[in-house]
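The values are calculated or read from the model by the stated rules, or taken from the named source; none is laboratory data. This is a predicted model, so every value here is computed, not measured. All Cβ positions, glycine included, derive from the backbone under ideal geometry; neighbour counts span all protein chains shown.
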Amino acid sequence: MSTPFPASVYAARLDRARALTAEAGLDAIIVGAGPDLTYLVGVEGDTIERLTALVIPAEGAPTMVVPRMELAKVRDTAVGSLGLAVSDWVDGEDPYALVTAATGSVSRFGVSDALPALHVVPLTERLGARPELATPVLRESRMIKDAAEIAELRRAGDAIDAVHRRVPGLLRAGRTEREVAADIATAIIEEGHRTVEFVIVASGPNGADPHHEVSDRVIERGDIVVVDIGGAVPSGYNSDSTRTYAVGEPDPEAARRIAVLVRAQQAAVDAVRPGVTAEQVDAAARDVLAAEGLAEAFLHRTGHGIGVTTHEEPYIAPGNDLPLREGMAFSIEPGIYFPGSWGARIEDIVVVTADGCVNLDTTPHELTVVAAAD
């Protein structure tokens, strides 16, 4: 089988999803192609016009509905290793009738957030009930990482750390952001990822845009450069780590402010433990920056969950009163941004433990000064 985990891991996830479906008062949930399906049974891919869906009733066994042309691929996952019921169909047949047969009579059913209206509307007509988002059920399942997931996230962290250790040899004045990014993308694969999910190389004024990717800007001596990179390891679990570099000696005031940012990031890491809320972790970083007059320079939330997708719950943000629990995994990435001048960000992935957290990214957090030229 091509799935990264043993069948027992997927069986436990399905049992948990079924129990949560019942707790939510839903008769069934219907999970379309996307991250939730990958998490539950190892089936990868995005939604297409042909319906692929996993039906999980609150009572009874799950059923996989799949186009016959995809049948072999689907069976080479936990669907096959668990012996799940499979209802396949060919063009000209009605896949929604197969879903109806798998759910039985329902008064309340949920759909995954990746299932498009293209499929939700006909399913609603067949089932005769108003759909609800299954997000609360699936979010609860995915937020708490099991031991197998944590091991894969650790593997991803080690791999992206290895890439960051190579970055000082790639950054120098006279190269473009795009040239550096291409070398980083190669390193991401060479260091154990199967895919490159993103590469941000934001130099000088481009660093003030948190979502800048790359451009043809030539890196200059004295530039502050934000390098935010990530990819998926063979299991599909993701890395995501940001470090900030200076090409040659940085402006002293910029260096001072980045040192404050490093303290803010560490304060947020130190705040993580079970029972603390997501907004309290966010505030720990924000308060350090505010005390140094940098509150307005922090433009975004402090972090996001990570797993089979790069961004998922929990979100470490103001107003999120979700208490942290052991096994949650998320980024801590405060940043400071000065339009027209420069920006900086420091990001690690942490996993909540019984009495704090473990940091999966261990390369130096301080501003790393690299030689301006060979």
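For the subset of the stretch 259-283 comprising residues that are crowded, with 23+ Cβ neighbours inside 10 Å and among the hydrophobic types (A, V, I, L, M, F, W, C), which member is farthest from Val358 (Cα to Cα)?
Leu261
I'm trying to understand the selection: among the residues of the stretch 291-312, which are closer than 13 Å to Val351 by Cα and not in a loop (DSSP other than H, G, I, E, B)?
In the first step, residues of the stretch 291-312 are kept if they are closer than 13 Å to Val351 by Cα; the result is 303-307.
Scanning the stretch 291-312 gives Gly303, His304, Gly305.
Restricted to the stretch 31-61, and to residues that are farther than 23 Å from Asp91 by Cα and under 26 Å from the mean Cα position of the chain (by Cα), which residue is surrounded by the fewest Cβ atoms within 10 Å (Cβ to Cβ)? Talk me through it step by step, then tell me what you get.
Quick first cut of the stretch 31-61, residues farther than 23 Å from Asp91 by Cα only: 35-36, 38-42, 56-61.
Checking which are under 26 Å from the mean Cα position of the chain (by Cα) leaves us with 35-36, 38-42, 56.
Values: Pro35: 21, Asp36: 27, Thr38: 19, Tyr39: 22, Leu40: 23, Val41: 25, Gly42: 27, Ile56: 27.
That would be Thr38.
Give the stretch 244-264 a look and list any residue that's outside any helix (DSSP H, G or I) and under 13 Å from Pro334 (Cα atoms), or say none. Let's see the steps before the verdict.
First, pick out the residues of the stretch 244-264 that are outside any helix (DSSP H, G or I): 244-251.
Hit for the stretch 244-264 is Thr244, nothing else.
Within 27 Å of Val137 (Cβ to Cβ) and in a strand (DSSP E or B), is that true of Pro318?
Working: within 27 Å of Val137 (Cβ to Cβ): yes; in a strand (DSSP E or B): no.
When the stated conditions are applied, Pro318 does not pass them.
Working only within the stretch 179-221, note down all residues that are surrounded by 15 or more Cβ atoms within 10 Å (Cβ to Cβ), among the charged types (D, E, K, R) and either under 16 Å from Asn238 (Cα atoms) or at pLDDT 95 or above (or both).
Residues satisfying the conditions are Glu179, Asp183, Glu191, Glu197, Asp209, Arg217.
Of all residues in the stretch 271-290, which are in a helix (DSSP H, G or I) and either among the small types (Gly, Ala, Ser) or touching a residue at least 24 places away in the same chain (Cβ under 8 Å) (or both)? So that I can check it myself, show each step before the final result.
Let us first name the residues in the stretch 271-290 that are in a helix (DSSP H, G or I), namely 271, 278-290.
The answer is Ala271, Ala278, Glu279, Val281, Asp282, Ala283, Ala284, Ala285, Arg286, Val288, Leu289, Ala290.
Given the conditions (1) surrounded by fewer than 18 Cβ atoms within 10 Å (Cβ to Cβ); (2) at pLDDT 95 or above, and given that Arg301 satisfies all but one, which numbered condition is not satisfied?
(1)
Quick one: would you say Pro62 is out of contact with any His (no Cβ under 9 Å at 6 or more places or on another chain) and within 19 Å of Gly110 (Cα to Cα)? Walk me through it before giving the result.
Working: out of contact with any His (no Cβ under 9 Å at 6 or more places or on another chain): yes; within 19 Å of Gly110 (Cα to Cα): yes.
Taking the combined requirement at face value, the residue satisfies it.
Let me spell it out: the conditions are (1) closer than 19 Å to Thr309 by Cβ; (2) in a loop (DSSP other than H, G, I, E, B), and Leu51 meets all of them except one. Which number is the exception?
Status for Leu51: all satisfied but (1).
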